[in-house]
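Participant: Take this structure first; my questions come after.
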Amino acid sequence: MSKIALFGANGTIGSRVLDEALERGHEVTAVVRDPAKLTRTHPRLTVTTGDVLDPASVAAAAEGQDVLVSAVGGGDGPGHVATIEPSAKSLVAGLRKLGDAAPRLIAVGGAGSLRTPDGKQVWDAEGLPEFLLQIMHAHGDALDFYRTVSDVRWTNLSPAALIEPGERTGAYRTALDDLVAGEDGGSRISAEDYAVALLDEVERPRHIGERFTVGY
Ligand SMILES: NC(=O)c1ccc[n+]([C@@H]2O[C@H](COP(=O)([O-])OP(=O)(O)OC[C@H]3O[C@@H](n4cnc5c(N)ncnc54)[C@H](OP(=O)(O)O)[C@@H]3O)[C@@H](O)[C@H]2O)c1
């Protein structure tokens with residue numbers, strides 16, 4: 001059993017991570033801006049207030065935990081720009097306050113920077129709308145930042161190109177920087193199976209200090 005603090009527990013991905021963690025017997029502290037929005041109750045769930053953009057709040061949430069998970073998002077393109085790279089910096093700054101006692105960090109990333117079979121990156125595809133490019137590059141900037149960090153145990157987990165609520169199959173494939181796609185070229189994962197992969201990484205750390213990705 002691990003003690004996990006989770007930012008973004010109200011979100012599409014974060015709520016699946018919360019369910020999967022509780023299902024596996026972990027103890028979860030959901031760190032939310034508005035506790036009234038989190039209606040889930042469970043004997044091993046604690047809800048506390050916090051802001052991922054405030055390093056003091058991150059440190060308070062992370063203290064005494066084994067793993068800190070961030071599944072935060074910023075809505076439209078500008079919202080992600082204001083949230084994603086700043087949250088990466090705040091998460092690392094907060095963990096640094098705890099020194100050697102800091103838990104490891106697993107942050108939900110983005111698919112935009114993943115390599116495609118033609119040698120390009122997902123965000124090079126033609127016709128992507130501006131808001132989506134902003135979101136993809138916000139995650140790319142956060143990943144570039146994480147890659148400069150060697151004193152905090154971070155992991156960045158990029159979803160497949162398409163992630164949406166669906167079935168929990170428990171089956172998935174992983175790669176480091178290459179997009180995981182099926183034989184039809186489609187790259188997808190359910191939010192439930194993404195959560196399975198994330199909790200597998202919690203329980204069996206294989207990607208400390210690197211990004212990996214998950215898809216079918
Ligand atoms: N294919 C891909 O690459 C792909 C696809 C989908 C999502 N994603 C990424 O996955 C992440 C999660 O996506 P999602 O769809 O699950 O997002 P979501 O449903 O919009 O949820 C985002 C969560 O972040 C929380 N949050 C935002 N700012 C915060 C702050 N300052 N402090 C604390 N919590 C904060 C929100 O809390 P409130 O409830 O208080 O607002 C909410 O719970 C995003 O970064 C998104 O870009 C990637």
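The values are calculated or read from the model by the stated rules, or taken from the named source; none is laboratory data. Quick caveat: nothing in here was measured; it's all calculated off a predicted structure. Positions of Cβ are generated from backbone atoms using ideal geometry, with glycine treated the same way; all protein chains shown enter the neighbour counts. With ligands, DNA and RNA removed, areas are computed over all heavy atoms of the protein, side chains included. Shrake-Rupley method; radii C 1.70, N 1.55, O 1.52, S 1.80 Å.
Participant: Taking the Cα centre of the range 96-216 as origin and charging only Cβ (+1 Lys, Arg; -1 Asp, Glu), how large is the dipole, in debye to the nearest 20? Could the numbers behind the result be given before it?
Facilitator: Details: 13 positive and 20 negative charges, 110 e Å.
It works out to roughly 520 debye.
Participant: L133 to T12: extension gain in nm, 0.36 nm per residue of separation minus the Cα-Cα distance?
Facilitator: Using 0.36 nm per residue and subtracting the Cα-Cα distance, I get 41.5 nm.
Participant: Tally Lys and Arg at +1 and Asp and Glu at -1 over the other residues with C-beta under 13 Å from the C-beta of P103: what net charge comes out?
Facilitator: Numbers: positive: K3, R96, K97, R104, R153; negative: E27, E63, D66, D100.
Every neighbour counted, the sum reads +1.
Participant: Going toward the positive end of the dipole of the chain, with +1 on Lys and Arg Cβ and -1 on Asp and Glu Cβ, which of L45, V122, L143 do you reach last?
Facilitator: L45
Participant: In addition: Please give the length that would be gained between D54 and E23 if that part of the chain were fully extended, namely 0.36 nm times their separation in residues minus their C-alpha to C-alpha distance (nm, one decimal).
Facilitator: That pair, D54 and E23, stretches by 8.2 nm at full extension.
Participant: Give, in whole angstrom and from largest to smallest, the semi-axes √(5λ) of the equivalent ellipsoid of the chain, with λ running over the eigenvalues of the Cα gyration tensor. Walk me through the intermediate numbers first.
Facilitator: Working: eigenvalues 133, 74, 54 Å².
Square roots of five times the eigenvalues give 26, 19, 16 Å.
Participant: Between the range 64-140 and the range 1-33, how far is it from one alpha carbon centroid to the other, in angstrom?
Facilitator: Taking the Cα centre of each part, the range 64-140 and the range 1-33 sit 18 Å apart.
Participant: On to the next question. What fraction of the DSSP beta bridges in the chain is antiparallel, stated in percent and rounded to the nearest 5?
Facilitator: Of the beta bridges lying entirely in the chain, close to 10 percent run antiparallel.
Participant: Here is a further query. Per-residue ellipticity at 222 nm for the chain, helices alone: DSSP H runs ≥ 4 residues times -39500 (n - 2.57), over residue total, nearest 500 deg cm²/dmol? Display every interim value, and only then the final one.
Facilitator: On the way: 5 runs with 70 residues, N = 216.
For the chain, the value works out to -10500 deg cm²/dmol.
Participant: Continuing with this model, one more query. Taking the dipole about the Cα centre of the chain, with the C-beta of Lys and Arg at +1 and of Asp and Glu at -1, give me whichever of L162, S57, G79 is farthest to the positive side.
Facilitator: Of L162, S57, G79, it is S57.
Participant: So, R0 is 30 Å and r is the distance between the beta-carbons of H42 and T148; what FRET efficiency does that work out to, to 0.05? Each step should come with its number before you reach the end.
Facilitator: Numbers: r = 37 Å, r/R0 = 1.23.
So the FRET efficiency works out to roughly 0.20.
Participant: How far apart, in nanometres, would the label points at D177 and V81 be if each is projected 7 angstrom from Cα along the Cα-to-Cβ direction?
Facilitator: Placing both labels 7 Å along Cα→Cβ, they lie 2.6 nm apart.
Participant: How high is the relative contact order of the chain? Use alpha-carbon pairs under 8 Å, at least six apart in sequence, and give a whole percent. Let's see the in-between values first.
Facilitator: Values: 460 pairs, mean separation 42.1, N = 216.
Reported relative contact order: 20 percent.
Participant: Over the range 4-53, give the accessible area per residue in Å² for a 1.4 Å probe, as an integer. It would help to have the intermediate numbers written out before the result.
Facilitator: Details: 2390 Å² over 50 residues.
Accessible surface, normalised per residue, equals 48 Å².
Participant: If I stretch the segment between E63 and Y216 completely, what's the gain in nm (0.36 nm per residue apart, minus their alpha carbon distance), one decimal?
Facilitator: 51.6 nm
Participant: Taking the Cα centre of the chain as origin and charging only Cβ (+1 Lys, Arg; -1 Asp, Glu), how large is the dipole, in debye to the nearest 20? Don't skip to the answer; put the middle values down first.
Facilitator: Values: 21 positive and 31 negative charges, 128 e Å.
With only Lys, Arg, Asp and Glu charged at Cβ, the dipole is about 620 debye.
Participant: Also, quick follow-up: Calculate what fraction, in whole %, of the accessible area of the range 30-119 sits on carbon and sulfur atoms when a 1.4 Å probe is rolled over the protein chains.
Facilitator: Values: 2060 of 4120 Å².
The value for the range 30-119 is 50 percent carbon and sulfur by accessible area.
Participant: Moving on to the next point. What FRET efficiency, computed as 1/(1 + (r/R0)^6) with R0 = 35 Å and r the Cβ-Cβ distance, is obtained for T169 and M1, rounded to the nearest 0.05? Each step should come with its number before you reach the end.
Facilitator: Numbers: r = 24 Å, r/R0 = 0.70.
With a Förster radius of 35 Å, E is 0.90.
Participant: Can I ask one more? Sort 173-186, 3-16 by packing, meaning the average of other beta carbons within 10 Å per residue, with the highest value first.
Facilitator: On the way: 173-186: 13.4, 3-16: 22.8.
Result, highest mean Cβ count within 10 Å first: 3-16, 173-186.
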